[in-house]
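A short write-up of the structure that comes next.
The values are calculated or read from the model by the stated rules, or taken from the named source; none is laboratory data. All figures in this text were calculated on a predicted structure; none of them were measured in a lab. Cβ placement follows ideal geometry from the backbone for every residue including glycine, while neighbour counts extend to all protein chains displayed. Keep in mind that these areas ignore ligands, DNA and RNA; they rest on the heavy atoms of the full protein, side chains included. Shrake-Rupley method; radii C 1.70, N 1.55, O 1.52, S 1.80 Å.
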Amino acid sequence: MRKNYDGFLIVNDVYELIDFCDGVHLGQEDLKSIDADIFKAVKIVRKVIGSEKLLGISTHNEKEVLQANEMDLNYIGLGAYRDTTTKKDISGVLGKSIDAIALKSKHLVGAIGGVELNDNFDNITYNVIGSGLIK
């Protein structure tokens, strides 16, 4: 991938691959599999990957965003913005409220879940687009 891509490479879920990438992204369930206390889980992962690597987590609501504000992270993913066929276990769709919730984050925010190329947000730094690239 590095030969064909000149950007940040973030690995999803598998922080053990940190030597081969620029950072790792973990979901709430991934954190809980590391430690039942998600704050402790983030500290464990940060210790493993070091301070120079990027660390981000998924958040789904205001409560999780506020919790993330107390963690040593580089960014958060916030969503789902809209329904998506990629993940069936979405507990809630944020829709237009995503911008107001993102404003509460002290970290950079990436909109996740059903985001498309033409989506625009006021308080979100990154549009994370997966299956929306293929239409």
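Descriptive notes on the structure:
- Rg(Cα) / (2.2 N^0.38 Å) computed for segment 42-113, rounded to two decimals: 1.14
- Segment 1-52 - Rg (one decimal) and Dmax (whole number), Cα, Å: 12.0, 38
- Each helix, a run of at least 4 DSSP H residues, gives -39500 (n - 2.57); summed and divided by the residues of the chain, these come to -6000 deg cm²/dmol at 222 nm.
- The calculated FRET efficiency for the pair ASP37 and MET1, based on their C-beta separation and a Förster distance of 35 Å, comes to about 0.55.
- The largest accessible area among SER51, SER97 belongs to the first residue in SER51, SER97, and the rest follow in falling order (1.4 Å probe, all chains).
- Estimated FRET transfer efficiency (ASN118, LYS96; beta-carbon r; R0 22 Å; 0.05): 0.90
- Sorted from longest to shortest, the spans of the Cα atoms of the chain along the three principal axes equal 38, 36, 27 Å.
- Accessible area per residue for segment 20-135 is 57 Å², calculated with a 1.4 Å probe on protein heavy atoms, without ligands, DNA or RNA.
- Carbon and sulfur %, accessible surface of segment 10-50 computed with the full protein complex present, 1.4 Å: 55
- Electrostatic dipole magnitude of the chain [Cβ: Lys, Arg +1; Asp, Glu -1; Cα centre; debye, to 20]: 40
- Normalised by the number of residues in segment 1-98, the average gap of Cα pairs under 8 Å and 6 or more apart makes the relative contact order 19 percent.
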